[in-house]
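The values are calculated or read from the model by the stated rules, or taken from the named source; none is laboratory data. Nothing here was measured: the structure is a model prediction, and the numbers come from that model. Counting neighbours? That spans all protein chains shown, and the Cβs are built from the backbone with ideal geometry, glycine included. Keep in mind that these areas ignore ligands, DNA and RNA; they rest on the heavy atoms of the full protein, side chains included. Shrake-Rupley method; radii C 1.70, N 1.55, O 1.52, S 1.80 Å.
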Amino acid sequence: DTGVSQNPRHKITKRGQNVTFRCDPISEHNRLYWYRQTLGQGPEFLTYFQNEAQLEKSRLLSDRFSAERPKGSFSTLEIQRTEQGDSAMYLCASSRGGTVTDTQYFGPGTRLTVL
Amino acid sequence: QKEVEQDPGPLSVPEGAIVSLNCTYSNSAFQYFMWYRQYSRKGPELLMYTYSSGNKEDGRFTAQVDKSSKYISLFIRDSQPSDSATYLCAMIFNTNAGKSTFGDGTTLTVKP
């Protein structure tokens with residue numbers, strides 16, 4: 001257990017529905033990252049926060065995706081109008097944020113299945 | 001073409017074998033190189049990170065970077081069944097605040 005928690009662990013939804021995932025990072029970690037991982041592939045960067053500020057978003061993050069970290073602690077990732085191609089593992093990671101090489105601690109992920 | 005290519009495997013070795021895992025990359029701007037281990041249904045965990053060309057050792061693990069060839073390797077000595085997992089290489093530019101670009105992973109099975 002790295003100290004990063006994600007909920008729910010599994011989510012099954014029907015195409016077109018909205019889903020929201022939550023990530024609780026290690027306390028006092030300033031940086032929080034979201035990645036997406038599909039079967040047989042490595043994680044792909046989606047977005048990251050420095051405290052409450054969202055500093056970068058990947059081109060992979062379409063307008064249907066939105067992420068927030070309102071108080072610089074937990075973060076939510078929402079997917080609107082889900083599509084079958086959104087089926088993946090959504091990983092959250094946190095780091096102290098002092099240097100570019102600060103260790104990123106990953107949560108166990110939320111596995112999304114879109115039917 | 002992906003920025004980071006990793007030998008796909010899968011790899012199956014007997015216990016005690018030396019394992020070599022490899023990645024190549026195309027963008028010379030990558031400055032930091034990491035190896036992660038990912039067990040089934042878990043998130044990746046950092047094993048090692050290196051910056052400069054050369055070798056870095058940590059117990060049974062040795063990470064090797066050759067920036068001139070854009071090639072990195074992870075060697076595992078005296079492999080154990082508990083080493084059975086997917087190994088991911090990852091790379092960071094110097095200025096992108098830790099945004100990591102990952103390879104697709106190599107799945108290793110160490111048989112007792």
Debye, to nearest 20: dipole size of chain B, +1 on Lys, Arg Cβ, -1 on Asp, Glu Cβ: 180 debye
Translational D in µm²/s for chain A (Stokes-Einstein at 37 °C, 0.692 mPa s, Kirkwood Rh from C-alpha pairs): 234 µm²/s
10 Å beta-carbon shell around B:ARG60, net charge (K/R +1, D/E -1): -3
Packing-based ranking, highest mean first, of B:63-76, B:11-24, A:7-20 given that Cβ atoms within 10 Å are counted: B:63-76, B:11-24, A:7-20
More than 18 angstrom apart: percent of Cα pairs within region B:4-111: 44 percent
Order by protection proxy (mean Cβ within 10 Å, highest first), peptides A:52-60, A:76-84: A:76-84, A:52-60
Stretchable slack from B:PHE93 to B:SER26, in nm (0.36 nm times residue separation minus alpha-carbon distance): 22.9 nm
Residues of the protein assembly as shown: accessible area per residue with a 1.4 Å probe, Å²: 49 Å²
Per-selection metrics, the protein assembly as shown (Cα): Rg and Dmax in Å: 17.5, 50
Cα centroid of region B:29-107 to Cα centroid of region A:50-100, whole Å: 24 Å
Total accessible surface hidden between B and A, rounded to 100 Å², 1.4 Å probe: 1600 Å²
Proximal charge balance of B:THR106 [Cβ under 13 Å; K/R count +1, D/E count -1]: -3
Most mobile listed residue (A:SER75, A:SER27, A:SER87) in chain A, GNM with C-alpha springs under 10 Å: A:SER27
Inter-chain shielding of A:103-112 (mean C-beta neighbours from other protein chains, 10 Å cut-off): 4
Shielding score for A:87-96, defined as the mean number of other chain Cβ atoms within 10 Å: 1
Exercise: per-residue mean of other protein chain Cβ atoms within 10 Å, A:43-49: 4
The protein assembly as shown, accessible surface, carbon-and-sulfur percent (1.4 angstrom probe): 45 percent
